[in-house]
1. Can you tell me how many residues in the stretch 222-238 are in contact with a helix residue (DSSP H, G or I) (Cβ under 6 Å, 6 or more places away or on another chain) and either open to solvent by less than 30 Å² (accessible area, probe 1.4 Å) or at pLDDT 80 or above (or both)?
2. Do any helices (runs of 4 or more DSSP H) entirely within the stretch 245-296 hold 1 or more residues that are among the acidic types (Asp, Glu) and open to solvent by 70 Å² or more (accessible area, probe 1.4 Å), and if so, which?
3. I'd like to know if the stretch 190-205 contains one or more residues that are open to solvent by less than 20 Å² (accessible area, probe 1.4 Å) and touching a His at 6+ places or on another chain (Cβ under 8 Å).
4. Where residues in the stretch 65-88 are out of contact with any Phe, Trp or Tyr (no Cβ under 9 Å at 6 or more places or on another chain) and open to solvent by less than 70 Å² (accessible area, probe 1.4 Å), which of them is modelled with the lowest pLDDT?
5. With respect to the numbered conditions (1) buried (at least 20 other Cβ atoms within 10 Å of the Cβ); (2) at pLDDT below 90; (3) of a type outside the set (Val, Ile, Thr), which one is the sole condition not fulfilled by SER241?
6. Tell me, which residue of the stretch 141-187 that is part of a helix (DSSP H, G or I) and of a type in the set (D, E, K, R) is least open to solvent (accessible area, probe 1.4 Å)?
7. Between a residue in the stretch 44-70 that is in a loop (DSSP other than H, G, I, E, B) and any residue that is modelled with pLDDT under 80 and among the aromatic types (Phe, Trp, Tyr), which pairs come within a Cβ distance under 9 Å, given they are 6 or more apart or on different chains?
8. Quick one: what pairs do we get from the stretch 144-160, first residue farther than 18 Å from GLY198 by Cα and β-branched (Val, Ile, Thr), second part of a loop (DSSP other than H, G, I, E, B) and open to solvent by 80 Å² or more (accessible area, probe 1.4 Å), C-beta under 8 Å, 6+ apart or different chains?
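The values are calculated or read from the model by the stated rules, or taken from the named source; none is laboratory data. Keep in mind that what you see is a predicted model, and the values were worked out from it rather than measured. Counting neighbours? That spans all protein chains shown, and the Cβs are built from the backbone with ideal geometry, glycine included. The accessibility values were calculated without ligands, DNA or RNA, using every heavy atom of the protein model including side chains. Shrake-Rupley method; radii C 1.70, N 1.55, O 1.52, S 1.80 Å.
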Amino acid sequence: MEGVGGGLGISSAAHVSRGTEYDNLEGKSLLKAKSFTRHESERITVTIVLYNVVVGGVPTEADVLAAIDDLEQLYAACTSIPRQKTNQFNDGNQQKFTWPPPVTVTSSVINGGTFPEPKRPNVLLSTSPITNTFSPYSQISKSVLDVATRLPMTMESYTYLDGIGQHLLSDKSATQSKLFESYGYFRLTNEMSIQQKGHGDATSLYNIACCCSRLADQNLATSASLLFIHPPAIIPNWIQSKEMCLDASISWLLQGICAGWKNHEHMMVDLDLEIVRSQRFAKFTIAVNLAKSGTL
């Protein structure tokens, strides 16, 4: 802790740059023969790779289905042109084709140079608790949000919320419930920085990393006290996984460094980060070196 966040991602198709030819095998020693003959049992194949980018988590079920639909549409759009006079091109077990083949009318590509606009996911009609809808800050307890509501956007308010978060985190015997609330207060101070400055707050992000590290060090079966104070709908899944808490801690720590955190010496001795130092040693070492270099 120092004084004054696995989930679903956003998916989209990836653009692949088109440029000049990079290389070819012409004249290389790899090609010994002057001409090539395809074996009669072999077919000509073309491999096409589609790239999809997922930011901030794993793809949603709708995104996966959309990617599959893209592939199916591409398969349906491809046509083969059999050659009657070169039977080795066709599968001998398949039916005979007539030549010339029937003409297939295909539509031209529309707006080929424009990146596609993402489609809004289908609204879930089910109220099943298994599938939650997105709601900003829904995983911050109502009691924490109530404290912050209607506070003026001032440094005094930032210091007030940060102080509550530090008070909860400084308790070395803090329960999951207290650590979860502390996490919420630091999320809010970070949001204040974003609204005021347009970027995250290094100290808040560092303290969020400390909260996640402490949560990883807890008995991570969801306690009765946590369920009693915070309804299951706002308890994030990652809080029940030690590995996910450790990964979250490293992620928030790196974000803090990107936002300007440079106190690498404190990182090495902070007891709140003890479990991260030991169980995410390689990534933590990278984070320390980044903070030390101050190049981000």
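1. Number of matching residues: 2.
2. So the answer is 264-269, 274-279.
3. Looking through the stretch 190-205, at least one residue is open to solvent by less than 20 Å² (accessible area, probe 1.4 Å) and touching a His at 6+ places or on another chain (Cβ under 8 Å).
4. Per the stated criteria, the residue is THR86.
5. Against the list (1) buried (at least 20 other Cβ atoms within 10 Å of the Cβ); (2) at pLDDT below 90; (3) of a type outside the set (Val, Ile, Thr), SER241 comes up short only on (1).
6. Per the stated criteria, the residue is ASP162.
7. Note: pairs meeting the criteria are ILE44/PHE89.
8. Going by the 8 Å Cβ cut-off, the qualifying pairs are THR159/VAL4.
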